[in-house]
Each structure stands twice: as C-alpha cells, then as structure tokens.
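First the structure, in the form of structure tokens, and then the observations on it.
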Amino acid sequence: MAVDAESDDRAERLAALFDAHQERLYRLARRLAQDSDDASDLVQDTFLRAARSPGSVPVGLADEEAWLVRVLINIRRDQWRKTAVRNRFSASLCVAVTSDDSNQESALIARTTVWRALDVLQPRRRAVVIMHELEGLTISSIASLLGISAITVRWHLSMGRHDLTRALKPFMGDNA
C-alpha cells in the first residue's frame, strides 16, 4: 500500500507541476523551436525528465519554474548540437531578397532569415536573446531562470546581438 500512496503522490506532484508551468514553458519552447509540434515535444520531454527524477525538482513555484526552464533549454541545446553536427558541412545562410517581392513573401523571407541567424548563435546565447528580446524578460529574471549571474546574462545578450548583426549583415544592404 505504501508504494501506491507514493505513486499517487508523484502523479499528483507531476500534475501540479504541469498545471502551474505548462503554459509558460510552451511559450518559451515556441520561441526556441521552429514550429508548434517541436515546441510541444520539447515541453513533453521536459516533463518526462521531471517524471523520471521527481526528487530533483525543487519545491516552490519560482524554484520549480527555474528548474523546468533549465531542463527545457538544456534539451533544446542538445537538439541544436545534434543539428549542428549534421549540418556542419552544409551551406551557410543563403536567402536572396529581391525588391519586387510581395509584402507577405518578404515578411516570410525576413522571418526565415532571422530564425536561421538565431540558429547560428550558441544555445545559451540564443536562449538569452529570445527570452529578453522576444519574451520580454528582464535580465534578473533570465539570470534566475538559467541559474547564472546577471552580468553573464548581459554578456550573452550583448554578444548575441553582435553575432546576429554579423549574421544578418549580408541581408541588410546599406543599412548595416
């Protein structure tokens, strides 16, 4: 009977984690992944890790969220590394933008170009840039979620912006 009670407690804890953090994790995953299916898979993998080692998840809303965000980012970082290894010898950014494209097509090309530029960034740097620029999180919030210092977040943000500018320069014409 003790095993059943322990199993029920673990299931309730995981359900509570999911209810409290799923939406926030999905929003972050959606920014880190290229489509909604990949984002859903990323969130699912995060909760699977929590289910496999429930004792690792700290107690307390902020601590739980920070732990889950770190796990999600680490999973995505591993995916980026695998992709980078597969694409190591493939061509780099190569999108030509012409002036007679329709607005919708230009917007799609611009979005694709920016996402490809983000793919060039190191995983942690990309996460920091996305969390700050797209999610609107503060430096201190990012530092807390990633378990790093605020100055490290600022450094990654600065270097990420620099790397993005360099990656996008061929597409910016005379404006760069």
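The values are calculated or read from the model by the stated rules, or taken from the named source; none is laboratory data. Keep in mind that this is a model prediction, so the values were computed, not measured. Here Cβ is always computed from backbone atoms with ideal geometry, including for glycine, and neighbour counts include all displayed protein chains.
Only one entry in Ala117, Ala143, Ala107 is over 19 Å from Ala29 (Cβ atoms) and either modelled with pLDDT of 85 or more or assigned by TED's automatic domain parsing to the domain that holds Glu64 (or both), namely Ala143.
Quick check: is even one residue across the range 58-66 at pLDDT below 90, farther than 27 Å from Ala16 by Cα and touching a Phe, Trp or Tyr at 6+ places or on another chain (Cβ under 8 Å)? No, that holds for no residue. Scanning the range 13-27 for residues that are more than 14 Å from Glu64 (Cβ to Cβ) and in contact (Cβ under 8 Å) with a residue 40 or more places away in the chain yields one hit, Arg27. Considering only residues in the range 34-76 that are over 13 Å from the mean Cα position of the chain (by Cα) and charged (D, E, K, R), the one that is farthest from Ala15 (Cα to Cα) turns out to be Asp37. Could you list, ordered by first residue, the pairs with Cβ atoms under 8 Å in which the first is in the range 113-142 and within 23 Å of Pro170 (Cα to Cα) and the second is modelled with pLDDT under 85 and among the β-branched types (Val, Ile, Thr), at least 6 apart or interchain? If the second residue must be modelled with pLDDT under 85 and among the β-branched types (Val, Ile, Thr), the pairs left are Thr113/Val95; Thr113/Val97; Arg116/Val95; Asp119/Thr83. Here the condition is being among the charged types (D, E, K, R) and either touching a residue at least 60 places away in the same chain (Cβ under 8 Å) or not in a helix (DSSP H, G or I) (or both); of Arg49, Arg31, Arg10, it holds for Arg31 alone.
Filtering the range 1-43 to residues that are among the polar types (S, T, N, Q), modelled with pLDDT under 90 and farther than 23 Å from Ala117 by Cβ leaves only Ser7.
Look at (1) crowded, with 17+ Cβ neighbours inside 10 Å; (2) more than 18 Å from Ile73 (Cβ to Cβ) and you find that Ser7 fails only one, number (1). Can we say Leu157 is buried (at least 19 other Cβ atoms within 10 Å of the Cβ) and either assigned to a helix (DSSP H, G or I) or in contact (Cβ under 8 Å) with a residue 24 or more places away in the chain (or both)? No: the conditions fail for Leu157. Taking the criterion of being under 14 Å from the mean Cα position of the chain (by Cα) and surrounded by 15 or more Cβ atoms within 10 Å (Cβ to Cβ), the residues of the range 136-154 that qualify are Leu137, Ile142, Leu145, Leu146. Scanning the range 55-75 for residues that are of a type outside the set (Lys, Arg), assigned to a helix (DSSP H, G or I), in contact with a helix residue (DSSP H, G or I) (Cβ under 7 Å, 6 or more places away or on another chain) and surrounded by 14 or more Cβ atoms within 10 Å (Cβ to Cβ) gives Glu64, Glu65, Ala66, Leu68, Val69, Val71, Leu72, Ile73, Ile75.
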